[in-house]
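The values are calculated or read from the model by the stated rules, or taken from the named source; none is laboratory data. Please read all numbers here as calculations on a predicted model, not as lab measurements. Virtual Cβ from ideal backbone geometry, glycine too; neighbours counted across all protein chains shown. Calculation scope for accessible area: heavy atoms of the full protein, side chains included, ligands and nucleic acids excluded. Shrake-Rupley method; radii C 1.70, N 1.55, O 1.52, S 1.80 Å.
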Amino acid sequence: MTLALLVGALVAVGSVLLVAAPFLREPAPSDDRLLRPGEAEQRRLAVAEERDRALAALKELEFDHRTGKVSEEDYREQVGVLRQRAAETLRAGG
């Protein structure tokens, strides 16, 4: 009975070490480097960020208008510009 428990404990410890070994090792320096995105990827990310900013500004303006923080006149002045900016970024591939 004690031999079976000892073998079971050794198998359990060995299994844990086998599974944990990749997480306990220090990564090789080449594994830690982040690749710099290419020019096309940088452009795509810039367009996506601009799209997100435009849509967030539009959403915030609409919320402020609905809650009464922005008057109808101010809303009408700003909404067209923001919608146009959002549409341009969406057309640009964002």
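Results, tabulated for the structure shown:
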read-out: Of all residues in the range 20-39 being open to solvent by less than 100 Å² (accessible area, probe 1.4 Å) and within 19 Å of the chain's Cα centre (by Cα), the one that is modelled with the highest pLDDT; value: Gly38
read-out: All positions within the range 41-94 that are aliphatic (A, V, I, L, M) and in contact with a helix residue (DSSP H, G or I) (Cβ under 7 Å, 6 or more places away or on another chain); value: Val47, Ala54, Leu55, Ala57, Leu58, Leu61, Val70, Val79, Leu82, Ala86, Leu90, Ala92
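Listed here are the residues, each with its yes/no results for (1) small (Gly, Ala, Ser); (2) part of a helix (DSSP H, G or I); (3) surrounded by 11 or more Cβ atoms within 10 Å (Cβ to Cβ); (4) in contact with a Ser or Thr (Cβ under 8 Å, 6 or more places away or on another chain).
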position: Leu6; (1), (2), (3), (4): no, yes, no, no
position: Ala12; (1), (2), (3), (4): yes, yes, no, no
position: Leu18; (1), (2), (3), (4): no, yes, no, no
position: Gln42; (1), (2), (3), (4): no, yes, yes, no
position: Glu50; (1), (2), (3), (4): no, yes, yes, yes
position: Leu58; (1), (2), (3), (4): no, yes, yes, no
position: Asp64; (1), (2), (3), (4): no, yes, yes, no
position: Val70; (1), (2), (3), (4): no, no, yes, no
position: Thr89; (1), (2), (3), (4): no, yes, yes, no
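Let's see how each residue does on (1) among the hydrophobic types (A, V, I, L, M, F, W, C); (2) at pLDDT below 90:
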| residue | (1), (2) |
| --- | --- |
| Asp52 | no, no |
| Ala57 | yes, no |
| Arg66 | no, no |
| Arg76 | no, no |
| Val79 | yes, no |
| Leu90 | yes, yes |
